[in-house]
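Novice: Below is one structure. I have some questions about it.
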Amino acid sequence: MIKTKPRLACVDPPRLLAGLDEVYRLDRVGHLTVHGTMPALRADELVALAENIDLRGRGGAGFPFAKKVQAVVESAGRREGRCAVVVNGSEGEPSCLKDTALLLHTPHLVIDGAVLAAEALGAEEVAIAVHRQDVQESVAAAIAERGPSGVPVSVTVTDDRFVAGEGGAVINGISGAPAIPNGRKIRTSDSGLSGLPTLLSNTETFAQLAVAARMGALPYRSVGLPTEPGTTLLTVGGKYVMETPTGVPLTYVLELCGLTPGQAVLVGGYHGKWLDPKSINAATISRESMKKYGARLGAGAVLPIPENTCPLGETARIARWLAAETAGQCGPCFIGLPALADAIGQVERGGGQSSIDNVRAYVNSVKRRGACSHPDGTAGFVTTALDAFPEEFEAHALGAGCGRPTLGVLPLPEDALPPALPPAPLNPAARDERRQRGRWRSSWWTGRCARAMGCARTSFRPRC
Ligand code: SF4
């Protein structure tokens, strides 16, 4: 199966992508030539460095890395110092390719960061989770090039699915279980790989750490915003992986990739937010700027939607795919997300104004009711589409449509099943019946995860 190959780009001299203008992949010799040798740090020095450069997790949540390290140190202190390090390279979001790009083109940088952390913590192993075969081959080759010395490093291919990047799902996948969330919150810093306190962070986070450890905090802070120093990786338009200092205008990033903002720009991937043209013109690449517009950079996906495609059709495609990505453990996710996708289909097929109300009702009924963030993120994606494209939703609901075909510009995995056609509009009697059913459902949609709550009343079972 041919997977999308990232196309690399940069604003200003790159750090993470350094040397890749000359070669396709930096092997061990090339890596050491470009980046130099790696220093060693104690745990307190690691924490101080991460604090000094305000290193945040680059997988979406943006949690401070120093706090993660401290939590593992404390937890390991209660377990005779035993702990592990996990690199999360399970990039299940189809609009993101940045971790894939790092592991394909410069795997030693990521391994350096993980080994640096592992040695500082006295960890027993470093495990790397990926979901692409070509990425696994690149990482396995890098591990072989480094030889057997030091902390053992391994790479595992886990399930290629949207929720496989959640922390618990990553640990499950490496352990040989289905890569799905646990259904209840367990902090990996308390219990992760083999039940050990585990420092789990995103691929880019470890690569940034490797760069910062070599440079030192002060030089690292010399680019980007003073409040968010350094560079960040973005995936633009689903195929360009761009390294840019923070603070650069969003429009400049799009322009360098030969893209225009079009109707709107989705920032933060399929759990992200659509920015309207006015916000796009003012926004810069930073947490603070995105926050002003109610958005988050998340894992760095930036997706403009061109003028010639139907935004409702694009939303419906992604909503159907997200619904199919449920891990099947929590009713509001397993049942609610397909119902939400179905409701969007009704709008698309001219279901009347009430079909839009239906979409909003389903959004509200899935929120805060999953054991992980998948239902909330999907509901947020639909809400932001309703807010960004109200005229298109109304035009479709009233039957005329927006006059544009759905071109499928928002990326989905190459092997994803073609999304099902939306169902035909319901007749009024059927709609009444469905509303009745909706009321009945909402009466028992009170639990979180069936597994977590141990709820005997639920009739659905985990599919995995
Ligand atoms: S909310 Fe959905 S994806 Fe998350 S654990 Fe429950 S069923 Fe799985």
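The values are calculated or read from the model by the stated rules, or taken from the named source; none is laboratory data. This one's a predicted model, so the numbers in the text were calculated from it and none came from an experiment. Methodologically, a virtual Cβ is constructed for each residue, glycine included, from the backbone with ideal geometry; neighbour enumeration extends over all protein chains shown.
Novice: Return yes when residue 352 is under 28 Å from residue 204 (Cβ atoms), in contact (Cβ under 8 Å) with a residue 12 or more places away in the chain, away from the ligand (no atom under 13 Å from the Cβ) and not assigned by TED's automatic domain parsing to the domain that holds residue 180 and no when it is not.
Specialist: For residue 352, the condition - under 28 Å from residue 204 (Cβ atoms), in contact (Cβ under 8 Å) with a residue 12 or more places away in the chain, away from the ligand (no atom under 13 Å from the Cβ) and not assigned by TED's automatic domain parsing to the domain that holds residue 180 - is not met.
Novice: Would you confirm whether any residue within the stretch 286-308 is without any contact (Cβ under 8 Å) to a residue 40 or more places away in the chain and of a type in the set (Phe, Trp, Tyr)?
Specialist: Yes, because at least one residue in the stretch 286-308 is without any contact (Cβ under 8 Å) to a residue 40 or more places away in the chain and of a type in the set (Phe, Trp, Tyr).
Novice: Still on this structure, please answer the following. Would you be able to tell me the number of residues in the stretch 180-202 that are within 16 Å of the ligand (Cβ to nearest atom) and touching a Lys or Arg at 6+ places or on another chain (Cβ under 7 Å)?
Specialist: 1
Novice: In the stretch 55-76, how many residues are in contact (Cβ under 8 Å) with a residue 12 or more places away in the chain and farther than 23 Å from residue 194 by Cβ?
Specialist: The total comes to 7.
Novice: Given the residues 246, 235, which is the only one that is outside the structural domain of residue 33 (by TED's automatic domain parsing) and either closer than 20 Å to residue 408 by Cα or without any contact (Cβ under 8 Å) to a residue 12 or more places away in the chain (or both)?
Specialist: 235
Novice: Let me ask something else about it. Which number in (1) part of a helix (DSSP H, G or I); (2) of a type in the set (A, V, I, L, M, F, W, C); (3) touching a strand residue (DSSP E or B) at 6+ places or on another chain (Cβ under 9 Å); (4) within 15 Å of the ligand (Cβ to nearest atom) marks the one condition that residue 163 misses?
Specialist: Unmet for residue 163, out of (1) part of a helix (DSSP H, G or I); (2) of a type in the set (A, V, I, L, M, F, W, C); (3) touching a strand residue (DSSP E or B) at 6+ places or on another chain (Cβ under 9 Å); (4) within 15 Å of the ligand (Cβ to nearest atom): (3).
Novice: Look through 91, 22 and report the one residue that is among the charged types (D, E, K, R) and in contact with a helix residue (DSSP H, G or I) (Cβ under 7 Å, 6 or more places away or on another chain).
Specialist: When all the criteria are applied, what remains is 91.
Novice: Condition first: more than 30 Å from residue 303 (Cβ to Cβ) and either among the aromatic types (Phe, Trp, Tyr) or crowded, with 23+ Cβ neighbours inside 10 Å (or both). Can you find one or more residues in the stretch 85-105 that meet it?
Specialist: Checked the stretch 85-105: at least one residue is more than 30 Å from residue 303 (Cβ to Cβ) and either among the aromatic types (Phe, Trp, Tyr) or crowded, with 23+ Cβ neighbours inside 10 Å (or both).
Novice: Only residues that are under 14 Å from the mean Cα position of the chain (by Cα) and either surrounded by fewer than 18 Cβ atoms within 10 Å (Cβ to Cβ) or among the β-branched types (Val, Ile, Thr) (or both): list them for the stretch 251-300, please.
Specialist: 267
Novice: Of 384, 315, which residue is in contact with a Lys or Arg (Cβ under 7 Å, 6 or more places away or on another chain), at pLDDT 90 or above and away from the ligand (no atom under 16 Å from the Cβ)?
Specialist: When all the criteria are applied, what remains is 384.
Novice: Here is a follow-up. How many residues does the stretch 326-361 hold that are in a loop (DSSP other than H, G, I, E, B), buried (at least 22 other Cβ atoms within 10 Å of the Cβ) and either within 21 Å of the chain's Cα centre (by Cα) or modelled with pLDDT of 95 or more (or both)?
Specialist: Residues in the stretch 326-361 being in a loop (DSSP other than H, G, I, E, B), buried (at least 22 other Cβ atoms within 10 Å of the Cβ) and either within 21 Å of the chain's Cα centre (by Cα) or modelled with pLDDT of 95 or more (or both): 4 in total.
Novice: Shifting gears a bit: State all residues of the stretch 368-381 that are charged (D, E, K, R) and either away from the ligand (no atom under 11 Å from the Cβ) or more than 18 Å from residue 61 (Cα to Cα) (or both); if no residue qualifies, say none.
Specialist: Within the stretch 368-381, 369 is the sole residue that qualifies.
Novice: Continuing with this model, one more query. Is it fair to say residue 241 is outside the structural domain of residue 285 (by TED's automatic domain parsing), of a type in the set (A, V, I, L, M, F, W, C) and in contact with a Lys or Arg (Cβ under 7 Å, 6 or more places away or on another chain)?
Specialist: no
Novice: Any residue that is within 16 Å of the ligand (Cβ to nearest atom) and part of a helix (DSSP H, G or I) - is there at least one of those in the stretch 203-211?
Specialist: Checking the stretch 203-211: not a single residue is within 16 Å of the ligand (Cβ to nearest atom) and part of a helix (DSSP H, G or I).
One line per residue, one yes/no per condition, for (1) crowded, with 20+ Cβ neighbours inside 10 Å; (2) over 21 Å from residue 121 (Cα atoms); (3) away from the ligand (no atom under 12 Å from the Cβ):
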| residue | (1), (2), (3) |
| --- | --- |
| 136 | no, yes, yes |
| 150 | no, no, yes |
| 171 | yes, no, yes |
| 175 | no, yes, yes |
